[in-house]
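Chemist: Below is one structure. I have some questions about it.
The values are calculated or read from the model by the stated rules, or taken from the named source; none is laboratory data. No experiment lies behind these values; they were computed from the predicted model shown. Positions of Cβ are backbone-derived with ideal geometry, glycine not excepted, and every protein chain shown enters the neighbour counts. Side chains included, ligands, DNA and RNA excluded: accessible areas come from the protein's heavy atoms. Shrake-Rupley method; radii C 1.70, N 1.55, O 1.52, S 1.80 Å.
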Amino acid sequence: EGAVIKAPSFNGEQLFRIYKKEKTEDGISVEAYPIFFDSKNDCFLTDVRPTVKNGQEALNIMLAPNKKYSAQSDIVRKATAYYEYMNLMEAINGDNANSFLNRWGGEILYDNFKIIVNERVGGDYGVELRYGKNIPANGITETVDMSEVVTRIYPKSYNGYKLSGNGYVDSPILSNYPTVKAATMKFDNIKMREDAQEDDEEKGVVICDTKADLDRALTEACKRQFESGLDKPKVTIEADMVLLQNTDQYKDYEILETVSLGDTIHCLHNKLGIETDARVIGLEYDCLTERVTSVVLGDFKQNYLDKVAGTVDKIESVIT
């Protein structure tokens with residue numbers, strides 16, 4: 001207990017602090033945290049206040065109590081937060097409103113005594129994965145969740161103005177599904193001139209002088225929703241690379257042996273004929289063979305436009 005293990009990982013050689021040990025006749029098994037977790041005990045913030053700082057500047061101030069730790073961030077937006085009598089891990093990733101992730105955002109990757117908090121971890125290197133075929137009994141679990149898919153939007157602007165004509169905008173892949181999946185969506189950030197406040201334009205509100213302007217704005221807003229993935233299912237794929245390696249399907253999945261946490265994978269569904277973007281949200285890495293042995297692909301990115309500009313009321317009984 002308390003010892004440090006140095007082992008190869010998907011992001012290079014890493015240090016891990018043992019916190020739990022179990023000894024049997026067959027040997028010893030341990031569980032360990034990334035070494036940066038030590039900062040929970042030896043980097044205490046009594047009164048630290050990064051004020052109007054970007055991500056890198058804020059982290060530098062927060063890590064000042066213990067020079068053993070360092071940080072890297074590409075977050076350029078500026079924010080302010082107050083940290084009194086809390087440890088560094090709580091300040092970065094706690095559930096309080098002032099935590100770094102709540103104030104600046106970002107995603108975390110640990111690299112020994114350095115913490116990386118970038119806008120996103122991993123990258124998009126054009127990796128494609130084809131799924132939706134007949135799959136073996138073991139090795140792959142594919143989950144395609146259609147419950148939140150919308151392929152036809154009936155938009156409303158601020159004050160309830162509707163789109164002229166048929167009143168809806170269709171997804172370009174509407175015909176890929178057996179039925180239309182319709183929803184009403186309200187865009188309070190689109191207003192007619194007579195409804196606008198003085199500072200609306202400064203806040204990014206779209207101001208329309210005519211009904212034709214409003215129709216164009218609503219149509220573009222709907223198209224952005226589809227571009228952000230509203231018309232595609234949530235896909236989760238769990239692949240056991242060890243079980244797969246002797247199967248015919250392995251060639252479609254072997255690329256996953258080289259992925260890293262946070263990477264984007266373009267998932268091509270053979271039956272639906274659509275592409276969704278999933279990310280590596282979990283993986284197991286064998287430090288003896290130095291390769292990924294299992295990986296979980298999922299869709300956990302939030303739809304920013306949904307959160308900011310629209311509220312969706314599902315129309316449950318739509319028949320084409």
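Chemist: Given the options Val180, Val150, Val205, Val127, name the one that is over 30 Å from Phe36 (Cβ atoms) and modelled with pLDDT under 90.
Modeler: On the way: Val180 fails: modelled with pLDDT under 90; Val150 fails: modelled with pLDDT under 90; Val127 fails: over 30 Å from Phe36 (Cβ atoms).
Exactly one residue qualifies, and that residue is Val205.
Chemist: What strands (runs of 3 or more DSSP E) completely inside segment 91-166 contain at least 2 residues that are acidic (Asp, Glu)?
Modeler: On the way: elements: 107-111, 114-118, 124-131, 140-145, 152-157.
Result: 107-111, 124-131, 140-145.
Chemist: Take Asp209 and decide whether it is surrounded by 15 or more Cβ atoms within 10 Å (Cβ to Cβ) and out of contact with any Cys (no Cβ under 8 Å at 6 or more places or on another chain). Step through it out loud before you land on a result.
Modeler: Details: surrounded by 15 or more Cβ atoms within 10 Å (Cβ to Cβ): no; out of contact with any Cys (no Cβ under 8 Å at 6 or more places or on another chain): yes.
No; evaluated as a whole, the condition is false for this residue.
Chemist: Could you please give the count of residues in segment 47-92 that are touching a residue at least 40 places away in the same chain (Cβ under 8 Å) and of a type in the set (Phe, Trp, Tyr)?
Modeler: Adding up the residues that qualify gives 2.
Chemist: Okay, next question. Those residues that are closer than 15 Å to Ala71 by Cα, of a type in the set (D, E, K, R) and open to solvent by 50 Å² or more (accessible area, probe 1.4 Å), I need them from segment 90-119; list them, please.
Modeler: Lys114, Glu119, listed by residue number.
Chemist: Output the residues belonging to segment 1-48 that are among the basic types (Lys, Arg) and assigned to a strand (DSSP E or B).
Modeler: Initially, segment 1-48 is screened for residues among the basic types (Lys, Arg), giving 6, 17, 20-21, 23, 40.
Within segment 1-48, Lys6, Arg17, Lys20, Lys21, Lys23 qualify.
Chemist: Turning to a different aspect of this structure: Kindly list the number of the only condition in (1) more than 20 Å from the chain's Cα centre (by Cα); (2) within 30 Å of Leu15 (Cβ to Cβ); (3) open to solvent by 80 Å² or more (accessible area, probe 1.4 Å) that fails for Asp124.
Modeler: It is condition (1) that Asp124 fails.
Chemist: Still on this structure, I have one more. Scan segment 32-54 for residues that are open to solvent by less than 20 Å² (accessible area, probe 1.4 Å) and within 11 Å of Ile92 (Cβ to Cβ) and report the count.
Modeler: Going through segment 32-54 one residue at a time, the tally reaches 4.
Chemist: Can you tell which of Ala221, Ala196, Ala217 is surrounded by 14 or more Cβ atoms within 10 Å (Cβ to Cβ), touching a Cys at 6+ places or on another chain (Cβ under 8 Å) and of a type in the set (Gly, Ala, Ser)? Working first, answer last.
Modeler: On the way: Ala221 fails: touching a Cys at 6+ places or on another chain (Cβ under 8 Å); Ala196 fails: touching a Cys at 6+ places or on another chain (Cβ under 8 Å).
Step by step, each of Ala221, Ala196, Ala217 is checked, and only Ala217 is surrounded by 14 or more Cβ atoms within 10 Å (Cβ to Cβ), touching a Cys at 6+ places or on another chain (Cβ under 8 Å) and of a type in the set (Gly, Ala, Ser).
Chemist: Ok, one more. Identify, by number, the condition in (1) closer than 21 Å to Glu227 by Cβ; (2) open to solvent by 60 Å² or more (accessible area, probe 1.4 Å); (3) touching a Lys or Arg at 6+ places or on another chain (Cβ under 9 Å) that Tyr161 doesn't meet.
Modeler: Tyr161 satisfies every listed condition except (1).
Chemist: Would you tally the residues in segment 1-34 being within 33 Å of the chain's Cα centre (by Cα) and among the acidic types (Asp, Glu)?
Modeler: Adding up the residues that qualify gives 2.
Chemist: A follow-up question, please. Condition (residue is touching a residue at least 60 places away in the same chain (Cβ under 8 Å), among the charged types (D, E, K, R) and touching a helix residue (DSSP H, G or I) at 6+ places or on another chain (Cβ under 6 Å)) applied to segment 174-195: is it met by at least one residue?
Modeler: yes
Chemist: Take segment 275-320 and flag every residue that is of a type in the set (A, V, I, L, M, F, W, C), touching a Lys or Arg at 6+ places or on another chain (Cβ under 9 Å) and modelled with pLDDT of 85 or more.
Modeler: If the condition is that a residue be of a type in the set (A, V, I, L, M, F, W, C), touching a Lys or Arg at 6+ places or on another chain (Cβ under 9 Å) and modelled with pLDDT of 85 or more, then Ala278, Leu297 are the ones that fit.
Chemist: Okay, moving on. Quick check: is even one residue across segment 180-198 closer than 20 Å to Lys234 by Cα, assigned to a strand (DSSP E or B) and touching a Pro at 6+ places or on another chain (Cβ under 7 Å)?
Modeler: Among the residues of segment 180-198, at least one is closer than 20 Å to Lys234 by Cα, assigned to a strand (DSSP E or B) and touching a Pro at 6+ places or on another chain (Cβ under 7 Å), which makes the answer yes.
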